[in-house]
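The values are calculated or read from the model by the stated rules, or taken from the named source; none is laboratory data. What you see is a predicted model; the values in this text were computed from it and never measured. FYI the Cβ positions are ideal-geometry reconstructions off the backbone, even for glycines, and counts take in every protein chain you see. Just so you know, the surface numbers come from the protein's heavy atoms only, side chains and all, with ligands and any DNA or RNA stripped out. Shrake-Rupley method; radii C 1.70, N 1.55, O 1.52, S 1.80 Å.
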2 protein chains.
Amino acid sequence: MDKNPGPGMGDTSKSAAMFRVFFSSKINVLITKSSVEFYEYVERSLGWDLGMRYLGYLFLVDSEEFERLKPALDAAEKLGGSYSIVEREELKRQGFKVDVSRDEEARAMGIPDIEAGIYVPRAGTLDPDSLVRFYEVSFKSLGGEAIYNTYVKRIVLGPKKPLDIPGEPFAWQDIEAKGVETDSGYIEARNIVVAAGAWTRRLLEPIGIDPIVNPKKRQIFVIRANTDELSALLHTKGYNDLGVIPFTILPRRVYIKPEVRERSFWVGLSDDLGRPYALEEDPKPEESFYRYSIYPVLSKYLPQFTGASPNTMWAGHYDMNPIDGQPVIFKVGNIMVAAGTSGSGIMKADSIGRIASAVALEIDEAELFGGIRIRTEVFGLNRKDIERERIIL
Amino acid sequence: MDKNPGPGMGDTSKSAAMFRVFFSSKINVLITKSSVEFYEYVERSLGWDLGMRYLGYLFLVDSEEFERLKPALDAAEKLGGSYSIVEREELKRQGFKVDVSRDEEARAMGIPDIEAGIYVPRAGTLDPDSLVRFYEVSFKSLGGEAIYNTYVKRIVLGPKKPLDIPGEPFAWQDIEAKGVETDSGYIEARNIVVAAGAWTRRLLEPIGIDPIVNPKKRQIFVIRANTDELSALLHTKGYNDLGVIPFTILPRRVYIKPEVRERSFWVGLSDDLGRPYALEEDPKPEESFYRYSIYPVLSKYLPQFTGASPNTMWAGHYDMNPIDGQPVIFKVGNIMVAAGTSGSGIMKADSIGRIASAVALEIDEAELFGGIRIRTEVFGLNRKDIERERIIL
């Protein structure tokens, strides 16, 4: 059931839809690698075009961050990841301004010189709409039914063993979900799976479940490559088979993504402190965010963008797990929750689905695509280092 | 700074104010034992009456829960806790109806027979108002100043290095807290300590910090012991030096607390699924909650309460940590947070204060009263089993 007219038309459709298989933690490598390999299998063996394009990721780092990252890069390499260092001279030739501190304004802003680029080839983008359609077709071929244009207002609880007393359920009863109230009436349910992304907290808090996850607004601004300089930047050679600039992350986390067919760049920034945790039913992009928080950084490192302003923009949410950025997958009675993709939902989606189905079936280990097994409790609510108290009042 | 006219007049004043030093997890024993020993020191050595009364805790359990609890009771004993088992016959003599299943209505309700009582002597209650006044006096004697009747509307952020550009802070700046906006104007601050209990989430979400903790309404109903049967129950002998019934937890978690001076029982129930996570600025008790969720259970196990209804009642919140029920103590830049007491705030308060002050001073280990040292990261946001990702985009 989805409030939108089709699958994945909420925040999924607004995503930059990037993936990478390059992480310092084993868990991230496992769940992204397996998902990406499944997507490759879908394209190559099932012949379903997911629009996968290996753009690569290019992280541009200052000297401090470079030092800080080195042990993590080693760890990523030990886990099978590959990367190469791009020298400053090479970056300069490609049009990056690495020595911004020569600029008085940049100095006042406190933005740092670029020490190096870290290029990760096993990374790219895909078409999220095509991916969700693939899953929808698979779901329907298994007999699944999807209801669209239907807004779930609330999950309705009731007693496991009803006594038909008005006011049920009471606190002394065993309580479970009975159905959902929607804008087209009540729908009964034996089990409920909440895979509602940013809407998860809004659905669960009222029935007394805190899902940990919390939405934060994210925005994408589209800049047309309508000058020779921007066009040249878009078609930067030497990184990938596509002959385009990689997905590039500047210092201060401003990113640009090439969209060659649209002759555009998608530009964004995942801001943290100061950006509220909040759900907006229909989130609106803020042009001022581009102008004052993105543009000053973007135009210093890439003067090709000087004067450029977005001709399209939109906003969605990350459904954040504020503790560790990992998905949160758990079951409370007959209510199953998969949430908290934290901005890496697409690159982990296939694994999340397999883990969620194991949790739904109460199987302790999920089998990911490729055969790797993973304990589902790693993604549960109680994945804690701290000793669990067993005497609870 | 507090919206109330004095310290601890929010949820602290509405608490049942119970303490115990009987847990299966080492961390709970450490932080409650140290706190309770400090309170004893305050009473005995400093001569400040905290109103400590060792009522004891009496858990009444069915056979299933009794079996489930046995390993936890062993663990608690190994950690220095003591308890005794109260036999069914003894409970019957004291006026408990242990065989409720003989009653048709109780059978329909599905409430279980009591198999045993577990009595914990090192537990009781204290006067929360006296406790917070003690801390306030200590705080003021160190030169602290308290501002009351002042409602903090929001925490104001700004750039660490202001450029005096309208619209600051921007996402590329280093951001910190600059002060708070209150209903009596703006107050500048070098550091901010958020120890706002149920209000923590409301203060932090808007500035982009998710504190994990989330409030849930809790209610207390006062029943006068105005019959011979209730008076006899109140003065049940054999448990404590006070000659009163212990703080007693019935199956389905309905509890009663004796208030001898008031010739009353305080009755409550910490409901879970179905009770929303939500903050109410001025929470109201629901008499229907007593009538339909508490009374049916209470009057089955203790028929002395038949026909009894509350003459006073109030509501507050637990500030829940939905993950593990432990306090959450952390620092983001110059914003320090201590929250998530989850219904055991008073019994842990002294330890929480010492841990919070270590976190504020960026000391890795806190020293609790009595000299025990504890790593502060145990209470941080990132207390996770899961491996931390170090390559974060």
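Some points to look at:
- Ranking of B:Ser309, B:Ser35 by solvent-accessible surface, largest first: B:Ser309, B:Ser35 (1.4 Å probe, protein heavy atoms only, all chains present).
- Ranking B:Ile187, A:Ile329 from most to least accessible surface, computed with a 1.4 Å probe over the protein chains only, gives B:Ile187, A:Ile329.
- Rg/Rg_ref, region A:42-165, where Rg_ref = 2.2 N^0.38 Å and atoms are Cα: 1.80
- Taking all protein chains together, B:Asp49, B:Asp127 sort by accessible area into B:Asp49, B:Asp127, largest first [probe 1.4 Å].
- Helix-only CD estimate at 222 nm, as mean residue ellipticity for chain A, using -39500 (n - 2.57) per DSSP H run (n ≥ 4): -7500 deg cm²/dmol
- Summing charges over all other residues whose Cβ lies under 12 Å from the Cβ of B:Glu259, with Lys and Arg as +1 and Asp and Glu as -1, gives +3.
- Net charge in the neighbourhood of A:Glu365 (other residues with Cβ under 9 Å of its Cβ; Lys, Arg +1, Asp, Glu -1) is 0.
- Rounded D (µm²/s) - chain A, Kirkwood Rh over Cα pairs, Stokes-Einstein at 4 °C, 1.567 mPa s: 57
- Non-local lysine pairs in region A:244-393, meaning eight or more places apart or on different chains, with alpha-carbon distances under 25 Å, amount to 6.
- Restricting attention to the protein assembly as shown, close to 90% of DSSP beta bridges with both partner residues there are antiparallel.
- Top positive-direction residue, dipole computed over the protein assembly as shown with Cβ charges, set A:Val194, B:Ile118, A:Leu79: A:Leu79
- Cut-off 10 Å between beta-carbons: net charge of the residues surrounding B:Ala146, Lys and Arg +1, Asp and Glu -1: -2
- Region A:359-372 - phi-based ³J(HN,Hα) in whole Hz, Karplus 6.51/-1.76/1.60, Gly and Pro as x: 4, 4, 8, 6, 9, 6, 10, 9, 9, 7, 4, x, x, 5
- Exposed-loop-free span, longest in chain B, where GluC sites (Glu not before Pro) count as exposed if DSSP calls them loop and at most 11 other C-beta atoms lie within 10 Å: B:1-144
- Across peptide B:210-217, the mean count of Cβ atoms from other chains lying within 10 Å of each residue's own Cβ comes to 3.
- Shape class for region A:188-345: prolate, because the ratio a/c of the largest to smallest gyration tensor axis (alpha-carbon atoms, square roots of eigenvalues) is 1.5 or more and a/b beats b/c.
- Label reach from A:Trp314 (point 7 Å along Cα→C-beta): in region A:184-208, amide nitrogens under 17 Å belong to A:197-199.
- Alpha-carbon centroid distance for the pair region A:244-319 / region B:205-250, whole angstrom: 53
- Amide H contacts of A:Val86 (H built 1.01 Å from N, under 5 Å, at least 5 apart or other chain): A:Gly117, A:Ile118, A:Tyr119
- The mean number of Cβ atoms from other chains found within 10 Å of a Cβ in peptide A:202-208 is 4, as a whole number.
- Residue-averaged beta-carbon neighbours from other chains (10 angstrom radius) around A:162-175: 6
- Normalised convex hull volume, the protein assembly as shown, alpha-carbon set, Å³ per residue: 175
- Compactness of region B:254-384, taken as the C-alpha radius of gyration over 2.2 N^0.38 Å, stands at 1.36.
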